[in-house]
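Below: one structure, written as structure tokens.
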Amino acid sequence: MWIIYALTTVIFYAGLDFFVKKAAGRIDDFLGTVIINFFSTLPALVVYTYLKLSNQQILFTKEGAIASVIAGLSIGVGTITLLKMFSLGTNISLGSPIVRIGTVVLTTLIGVLLLKETLEPRQLIGLILSMIGLSLIIFK
């Protein structure tokens, strides 16, 4: 079941990159970030409102709230830098793979080093191939 969410996320993140590229250089990076992040909250607010109105239980912990705040700050800064990258003329076919593959590599390292997750040999091979692919994209 999780794969459906993963694939849907890929589709919408590709849309994010496409429309950020279209906006870059046509709107101030900071104003664009405000608009993007404002509208990114709308789907969640609709679902949250539905859950509240239908009296469904909503999980809330202090740790979850703190992590959510930090995640939101990360998205905000990431949106600013993504807009800036594209406004400097970076091609989407170069910038997006660098950002996405770089994110995969870094979050994998965070998972292994901080969260003590394990990598199976085939996952390690995939990570190494991703890094090789990233170097092929970056270096001419």
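Quickly run through the stretch 91-138 and pick out the residues that are more than 26 Å from Val20 (Cβ to Cβ), part of a loop (DSSP other than H, G, I, E, B) and touching a helix residue (DSSP H, G or I) at 6+ places or on another chain (Cβ under 9 Å).
Result: Glu117, Thr118, Leu119.
Of all residues in the stretch 9-27, how many are over 14 Å from Leu82 (Cβ atoms), surrounded by 10 or more Cβ atoms within 10 Å (Cβ to Cβ) and more than 13 Å from the chain's Cα centre (by Cα)?
0
Does Thr41 satisfy the criteria of being under 28 Å from Ser130 (Cβ atoms) and either out of contact with any Gly (no Cβ under 8 Å at 6 or more places or on another chain) or not in a helix (DSSP H, G or I) (or both)?
no
Looking at Lys84, Lys62, which is the one that is surrounded by 13 or more Cβ atoms within 10 Å (Cβ to Cβ), at pLDDT 95 or above, not hydrophobic (A, V, I, L, M, F, W, C) and not assigned by TED's automatic domain parsing to the domain that holds Gln123?
Step by step, each of Lys84, Lys62 is checked, and only Lys84 is surrounded by 13 or more Cβ atoms within 10 Å (Cβ to Cβ), at pLDDT 95 or above, not hydrophobic (A, V, I, L, M, F, W, C) and not assigned by TED's automatic domain parsing to the domain that holds Gln123.
The values are calculated or read from the model by the stated rules, or taken from the named source; none is laboratory data. Given the structure is predicted, the values throughout are model-derived calculations rather than measurements. Every residue, glycine among them, receives a Cβ derived from its backbone with ideal geometry; neighbour counts consider all protein chains shown.
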